[in-house]
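J.: Below you will find the structure I want to go over with you.
What follows draws every value from the coordinates through simple rules; no lab data is involved. Computed from a predicted model, the values in this text were never measured in an experiment. When we count neighbours, we look across all protein chains shown, and the Cβ atoms used for this are built from the backbone with ideal geometry, even at glycine.
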Amino acid sequence: MAQYQIAVVVGSLRKDSFNRKLAGALEKLFPADFSFIQVRIDDLPLYNQDDDSHPCAQVTRLKGEIAAAQGVLFFTPEYNRSIPGVLKNAIDHASRPYGKSSWNGKPAAIMGASVGPIGTAMAQQHLRNILAYLNMPTLGQPEAFIHNKEGLYDADGNIAEASQKFMQSWVDAYVAWVKRHA
């Protein structure tokens, strides 16, 4: 049985999202005592502080999934040199009302894939700033700016051999991070 449940937040709504595919492939590299819940963010209303005292069911679900997890993995695309609005909206919902953040103290890591050679470097930096404010200890090294190109995955959708060593070292670092902070 899994001892560590990790909430996976993918900041893309696209059906064929590079980041959703990356999240699925990366999960296979984790040890057996880690399990994953894909956190749904596509059905959240726009954050409105007026709703803090009576959140809708989707927000209550989001906050509960984050609260139950021992860590959080963020997979973000880069939109206009930052994170997507849908991801920021989910972060805002789960951080409110003030003093009742579901994110508080959750060990986090960030990864992102893009067709560009620098991956999602700018989005990840912006997300790090947000997570610092939310008191989420965030894995600093190794950083993972994934260039989504031919050869990243094998025919079965797993991380291909050429990227296995790096990806496994990243996973191992996050596993140790979670165990240290959870």
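J.: Suppose the filter is closer than 22 Å to residue 174 by Cα and surrounded by 20 or more Cβ atoms within 10 Å (Cβ to Cβ); does residue 29 pass it?
T.: no
J.: Further question on the same structure: Taking interchain pairs and intrachain pairs at least six residues apart, which have beta carbon atoms under 6 angstrom, with the first residue in region 107-122 and more than 9 Å from residue 73 (Cα to Cα) and the second surrounded by fewer than 24 Cβ atoms within 10 Å (Cβ to Cβ) and among the small types (Gly, Ala, Ser)?
T.: Correct list of pairs: 112/119; 120/114.
J.: Among the residues of region 3-19, which ones are over 21 Å from residue 44 (Cβ atoms), outside any strand (DSSP E or B) and not charged (D, E, K, R)?
T.: 3, 18, listed by residue number.
J.: Name, by its number, the condition in (1) β-branched (Val, Ile, Thr); (2) within 16 Å of residue 146 (Cβ to Cβ); (3) without any contact (Cβ under 8 Å) to a residue 60 or more places away in the chain that does not hold for residue 59.
T.: (2)
J.: For residues that are in contact (Cβ under 8 Å) with a residue 12 or more places away in the chain, surrounded by 14 or more Cβ atoms within 10 Å (Cβ to Cβ) and part of a helix (DSSP H, G or I), tally how many sit in region 170-182.
T.: Residues flagged as in contact (Cβ under 8 Å) with a residue 12 or more places away in the chain, surrounded by 14 or more Cβ atoms within 10 Å (Cβ to Cβ) and part of a helix (DSSP H, G or I) within region 170-182 amount to 9.
J.: Now for a different question. Does region 15-57 hold any residues that are over 12 Å from residue 93 (Cβ atoms) and among the β-branched types (Val, Ile, Thr), and which are they?
T.: 37
J.: Return the residue satisfying two criteria in turn: it lies in region 17-33 and is more than 14 Å from the chain's Cα centre (by Cα) and in contact (Cβ under 8 Å) with a residue 40 or more places away in the chain, and of such residues it is farthest from residue 154 (Cα to Cα).
T.: Checked region 17-33; the qualifying residue farthest from residue 154 (Cα to Cα) is 31.
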